[in-house]
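Worksheet: the structure to be examined is printed underneath.
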Amino acid sequence: MSSAQQVRGRGRGVLRTKSVEQSIQDTEEPEHTLKKSLSALDLTVFGVGVVIGTGIFVLTGKIAKETAGPAVALSFVLAGAVCALAALCYAEFASTVPVAGSAYTFSYASLGELPAWIIGWDLVLELALGCAVVAVGWSGYIRSLLGTAGWHLPQSLSGTHEGRFGFDVLACLLVLALTAILVVGMKLSSRVTTVVVGVKVTVVLIVVIVGSFFITGANYHPFIPDSEPSHGAGGMAAPLSQLLFGFTPSDFGVMGIFAAAAVVFFAFIGFDIVATAAEETRNPQRDVPRGILGSLAICTVLYVAVSVVVTGMEKYSHLSTDAPLADAFKDLGHPFWAGLISFGAAVGLTSVCMILLLGQSRVFFAMSRDGLLPQVFSQVHPRFGTPYRSTVALGAVVAVVAGLTSIDELAELVNIGTLFAFVVVALGVIILRRVRPELPRAFRTPLVPLVPVLSVLASLWLMLNLPAETWLRFGIWMVVGFLVYFLYGRTHSRLGSRDRA
């Protein structure tokens, strides 16, 4: 392949690829240049900030009671290992293609324009709606705290509940405030996130340390309870694997550990968002892999520690499913620590919401810069160096959705899109190693193609454990995406324009 072909990319039509050199060259255009201000520590904080949410206070006990017993700690280790496979692939791509857009940009460089569009289209929706749901959850915690203080919002401003329509003004205001912070600059965003994550992790560590004094060894027996048939949902709510192969997962026992891993995996979702900030990192080749792998390691340790504490404080069969850790402290006569957990959860959701908003605005910006979406959204602010138009536009949409959304109506919004991205990135590593072996790679995924293949298989297995209705929603959104691409993106693509020229 000649140097000119390498810069331009490969192929024609919907499978044309955008070369790594061209992707990096586009970031140097003055009107499309993002300000570089982030370090490895900032990226690690972002990763921890988005992964550690209310799940650490809720999911650990819920899965212990319903699926794995005290062995839920092993489920977190297993899920962390699956995420590590994907993280190794992300780290290589992010160090090779240090450009905003994460899986979208990686796919454009390896698989082609249409696959890149599909994954970008999916990520924008998943991250935007995920942010809206998190904002609604945050609003619920704040209303609860206000109610404790004797202040109550009118029902019309508290969201839709029990069939009564209302606008969730707190969720809307949170998204608007975080949008403003993201517009002002990434450094301010990272400072706010650092403070929030510091408070959140401190609360988690306090809970783990204090809870360890209330552990009773007998609560760990049996560590792996006897297996029993799973009483899962039926119809479209059943896992796709059950509908396709008739396989019904079991609760508890060794298989229960694996079934629980498929559920607790989703508590790790978000570490890949670190890759969306690669273009705004001072030394992306070194710092992005450190941020991805470092945040994943920290979160895995915290999840395992909390699961060991909660199953030691109270017998797994007696744990509540709504707020198991807080209720465990209440049952032991320590309401103060239960309140501290609620405070930590509310603070934690703030950073989760901000980083989801950050991730989807960067993917949107990258797609706009490539011409697949209107290029008006790819302009950066002349002073702050942020993609302010895409951030404001998406922030406004998410704020309205958060105000009008009932959290009970939305579930599994980020899961299938994230797993799909894992598959695409793993395949991309194999393909780019083959077609561009000479590219400088500051970080190299070990044991290629074994590690990427294992990542693909693990991700597909987890996708098959998702409900069929989630697959149906995913398919509908993809059909809409195909229509948008062929009616607009394909004809406005900058890469296509260069090929025609």
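Just so it is clear, none of the values below were taken in a lab; they were calculated from the coordinates. Values in this document were obtained by computation on a predicted structure and should not be read as measured data. For neighbour counting, all protein chains shown are included, and Cβ atoms are generated from backbone atoms with ideal geometry for every residue, glycine included.
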- Lysine pairs, Cα distance under 21 Å, 8 or more residues apart or cross-chain: how many in the chain? 10
- Viscosity 0.692 mPa s, 37 °C: Kirkwood-radius Stokes-Einstein D of the stretch 38-133 over Cα pairs, µm²/s: 207
- Inter-site label distance for residue 155 and residue 39 at 7 Å from Cα along Cβ, in nm: 5.2
- Query: Under 17 Å from the 7 Å Cα→Cβ point of residue 176, by amide nitrogen: which residues of the stretch 118-141?
  - Reply: 132, 135-136, 139
- Note on the structure: Two pseudo-spin positions, 7 Å from Cα along C-beta at residue 210 and at residue 144, lie apart in nanometres by 1.5
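Under the 0.36 nm per residue contour assumption, what length would be gained going from the current alpha-carbon distance of residue 397 and residue 435 to full extension? Let's see the in-between values first.
Numbers: separation 38, 0.36 × 38 = 13.68 nm, distance 3.97 nm.
Result: 9.7 nm gained on full extension.
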- Item | Ranked by how many other beta carbons lie within 10 Å on average, peptides 305-317, 453-465 from highest | 305-317, 453-465
- Note on the structure: Residues whose modelled amide H sits under 5 Å from the amide H of residue 251, counting only those 5 or more places away in sequence or on another chain, are 228, 230
- Message: Run the simple label-point estimate for residue 479 and residue 15 please: 7 Å along Cα→C-beta, distance reported in nm.
- Response: 2.5
- Message: Quick check on the exposure proxy: order 194, 321, 300, 491 from fewest to most C-beta atoms within 10 angstrom.
- Response: 491, 321, 194, 300
- Task: Search the structure for amide H atoms under 5 Å from the amide H of residue 100, placed 1.01 Å from N in the peptide plane, and list their residues when 5 or more places away or on another chain.
- Result: 279
- Task: For the stretch 284-349, just the Cα atoms, rotate onto the principal axes and tell me the three extents in Å, largest first.
- Result: 50, 24, 16
- Message: Sorting check: for 366-378, 344-356, which peptide has the highest mean count of neighbouring beta carbons within 10 Å, and how do the rest follow?
- Response: 344-356, 366-378
- Which Cα, out of 81, 190, 201, lies furthest along the positive dipole direction of the chain (beta carbon charges, K/R +1, D/E -1)? 190
- For the stretch 350-501, convex hull of alpha carbons as volume per residue, Å³: 186
- Message: Quick check: convex hull over the Cα atoms of the stretch 106-216, volume per residue in Å³, rounded to an integer?
- Response: 230
- Note on the structure: Taking every alpha carbon pair in the chain and sorting the distances into 20 angstrom bins from 0 up to the bin holding the longest one, the percent per bin comes out as 23, 57, 19, 1
